[in-house]
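A short worksheet on the structure shown next.
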């Protein structure tokens, strides 16, 4: 029999990564009597995007620069599809967030006057290898924060229109968890694993973005009818071939430029935005001038050693690759390629449609970090800032939410707890979750603009993808699980399929090509001013409605008007 | 990328089991750690850093150009030593001081 455990809390945070942990810290500091509950699929010590460390703080307002300049940089990079209010309110808190990280124990490089040393216009230099243990240690200092590790949330509980808790299960034991909360913050990662990856075989997972980020945070909101924005602004990252390690450390750190196989620097031809850089390598290669590289040959050996260390602090596979192959950056240029597309609101504008205070369109539900839309270029400090803002809003709103009884929460969760039990007891069906995941990734790759088709798609293909993903989602309803590990995979597949359906509606909604490095809509291959707008969607009784909203440039405060 | 766990060195403390962001490391009947799904590993090295007995080695899959090299991790106060061994080549050790910031 499946055991059922219950928790009653004030403030539930789903996802104990950067944004979620910081929201908990801020809420606990401001109200020591508030009960804060983090639920985390892994263990907050090393979970989420910071697991292996980070090499720099990439979002910081350096000496002499302003938050408005950060906004303009983000607007340029996103080809206008951003929310001023969200980017500015986040940028205003970058520096204080970084200082708080330093107080917690993060090493940040300083000059003789005690100022942080910048790397380029927006970055500061750190030793970020143990950044997540530092943040999780801070979380544990507060007695009013409870941490539930190794529990995956599959659904929000909703009483009438208001979100009042969540239901999930342990990843280690046959135990369901039913949580009643006055307010819920979704702070999970974005969605990886929607598309067939660069290496579909043994090395299918890559370090830079957690493969365990299955889009649960988006799927939770889609199911309760939360409005979503800009999923069609998929993220395709330019990365080092094979290890998929970040390239910024080489490009910014030692000034290496992108070159094609003929040795020509090509980047300016495609524009220097994130999309443009991703476009460059794809296009040069498809036109017969590949592979493409970062030109590192000639680098002196002392700098090479520093590169090795920098990568060990965030993507150790790359240093291992350099050393074991003997192909050092000073003697061999570093080959680059694009990743499969992701949906990730920390880099692009994809995610929940929120107000300036980080409220979603559903009562009682808030969003921060990778799942929150409209504010690209968050990186670490942006995720902290959004967790901070969301926590302050929850504290303000909490008085309006009365607690839901455990008995009521159990009743609302009953369908789901029964479903977990059914899947664990059912005999093995024809397919398992991994097989359906392969099928889903293949459909998305071929028909919805994955790597194998050069990120191109058309109306016909998107319609085919929609039908096929629908079939896979139906098959997923029948999946059984031999143990809780497999049960996790079943719900990850269901979440990914849910995100794919919404993504396809977004791709079909934006009938233009705005970010050619992230995807080319072959029927509409040019940018169209008519699409200087947000493409949003909402799930209404299982049907996805598309909503077009204006850009609101210059608007610094926005509230929902439903 | 993935990891190998040496059962002779593993003392069954469970630190890696607890820390793995993918919940991929389990305990066998003797309480020792093993990687349940090697192709689900994403190479974050969290387990290497948590293991105080150097029981875990990190390697690259052959499909991403791995050549059979193994990387280990040792902590000595603020110093982290990454030790890379490959048959027929000299061992390379890179020491990173946690107190000093990245140059890039």
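Conditions (1) in contact (Cβ under 8 Å) with a residue 40 or more places away in the chain; (2) within 14 Å of chain B (Cβ to nearest Cβ); (3) surrounded by 19 or more Cβ atoms within 10 Å (Cβ to Cβ); (4) in contact with a strand residue (DSSP E or B) (Cβ under 7 Å, 6 or more places away or on another chain), marked per residue:
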| site | (1), (2), (3), (4) |
| --- | --- |
| A:36 | yes, no, yes, yes |
| A:47 | yes, yes, yes, no |
| A:53 | yes, yes, yes, yes |
| A:57 | yes, yes, yes, yes |
| A:66 | no, no, no, no |
| A:90 | yes, no, yes, no |
Requested in this report: Evaluate segment A:197-207: report whether one residue or more is under 18 Å from residue A:394 (Cα atoms), out of contact with any helix residue (DSSP H, G or I) (no Cβ under 7 Å at 6 or more places or on another chain) and in a loop (DSSP other than H, G, I, E, B).
Outcome: no
Query raised in the report: Which ranges mark the helices (runs of 4 or more DSSP H) fully within segment A:245-333 that have 2 or more residues being without any contact (Cβ under 8 Å) to a residue 12 or more places away in the chain?
Result: A:267-270, A:301-312, A:316-325
Report task. Determine if segment A:420-432 includes at least one residue that is outside the structural domain of residue A:197 (by TED's automatic domain parsing), within 24 Å of residue A:478 (Cβ to Cβ), under 24 Å from the mean Cα position of the chain (by Cα) and in a helix (DSSP H, G or I). Result -> no
Query raised in the report: Restricting to segment A:180-199, what's the tally of residues that are more than 9 Å from every other protein chain (Cβ to nearest Cβ) and surrounded by fewer than 24 Cβ atoms within 10 Å (Cβ to Cβ)?
Result: 2
Report task. For residues that are more than 9 Å from every other protein chain (Cβ to nearest Cβ) and in contact with a strand residue (DSSP E or B) (Cβ under 8 Å, 6 or more places away or on another chain), tally how many sit in segment B:86-104. Result -> 2
Report summary line: residue A:152 passes all but one of the listed conditions (1) farther than 24 Å from residue A:537 by Cβ; (2) in a loop (DSSP other than H, G, I, E, B); (3) within 12 Å of chain B (Cβ to nearest Cβ); the exception is number (2)
Report summary line: Expected single match for at pLDDT 95 or above, more than 14 Å from chain B (Cβ to nearest Cβ) and crowded, with 24+ Cβ neighbours inside 10 Å among A:279, A:289 is A:279
Report task. Please find, among B:52, B:75, the residue that is more than 10 Å from chain A (Cβ to nearest Cβ), surrounded by fewer than 21 Cβ atoms within 10 Å (Cβ to Cβ), part of a strand (DSSP E or B) and touching a helix residue (DSSP H, G or I) at 6+ places or on another chain (Cβ under 8 Å). Result -> B:75
**Report entry** residue B:82, sole failed condition from (1) assigned to a strand (DSSP E or B); (2) more than 27 Å from residue A:492 (Cα to Cα); (3) more than 10 Å from chain A (Cβ to nearest Cβ); (4) within 11 Å of the chain's Cα centre (by Cα)
**Finding:** (3)
Query raised in the report: Can residue B:27 be described as in contact with a helix residue (DSSP H, G or I) (Cβ under 8 Å, 6 or more places away or on another chain), closer than 30 Å to residue A:438 by Cβ and within 11 Å of another protein chain (Cβ to nearest Cβ)?
Result: yes
Requested in this report: All but one of (1) more than 9 Å from chain B (Cβ to nearest Cβ); (2) crowded, with 24+ Cβ neighbours inside 10 Å hold for residue A:173, so report the exception by its number.
Outcome: (2)
**Report entry** Search result, residues across segment B:23-40 that are assigned to a loop (DSSP other than H, G, I, E, B) and surrounded by fewer than 23 Cβ atoms within 10 Å (Cβ to Cβ)
**Finding:** B:28, B:29, B:30, B:31, B:32, B:36, B:37
Requested in this report: Mind counting the residues in segment A:297-321 that are surrounded by 23 or more Cβ atoms within 10 Å (Cβ to Cβ) and under 29 Å from residue A:270 (Cα atoms)?
Outcome: 6
Requested in this report: Consider residue A:72 carefully, then state whether it is more than 18 Å from the chain's Cα centre (by Cα), at pLDDT below 95 and away from every other protein chain (no Cβ under 14 Å).
Outcome: no
Requested in this report: Looking only at segment B:55-66, count how many residues are within 10 Å of another protein chain (Cβ to nearest Cβ) and touching a strand residue (DSSP E or B) at 6+ places or on another chain (Cβ under 7 Å).
Outcome: 4
Query raised in the report: For the subset of segment A:96-138 comprising residues that are in a helix (DSSP H, G or I) and within 10 Å of another protein chain (Cβ to nearest Cβ), which member is farthest from residue A:17 (Cα to Cα)?
Result: A:133
Query raised in the report: Looking at (1) in contact with a strand residue (DSSP E or B) (Cβ under 6 Å, 6 or more places away or on another chain); (2) more than 14 Å from every other protein chain (Cβ to nearest Cβ); (3) buried (at least 24 other Cβ atoms within 10 Å of the Cβ), which is the one condition that is false for residue A:146?
Result: (3)
Query raised in the report: Which one of these does residue A:315 not meet: (1) over 30 Å from residue A:185 (Cα atoms); (2) in contact with a helix residue (DSSP H, G or I) (Cβ under 9 Å, 6 or more places away or on another chain); (3) within 14 Å of another protein chain (Cβ to nearest Cβ)?
Result: (1)
Query raised in the report: Can you tell me which of A:225, A:215 is more than 14 Å from every other protein chain (Cβ to nearest Cβ) and closer than 23 Å to residue A:453 by Cβ?
Result: A:215
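The values are calculated or read from the model by the stated rules, or taken from the named source; none is laboratory data. Note that the structure is predicted; figures quoted are calculated from it, not measured. Don't worry about glycine lacking a Cβ; one is built from the backbone with ideal geometry, like all the others, and counts go over all protein chains shown.
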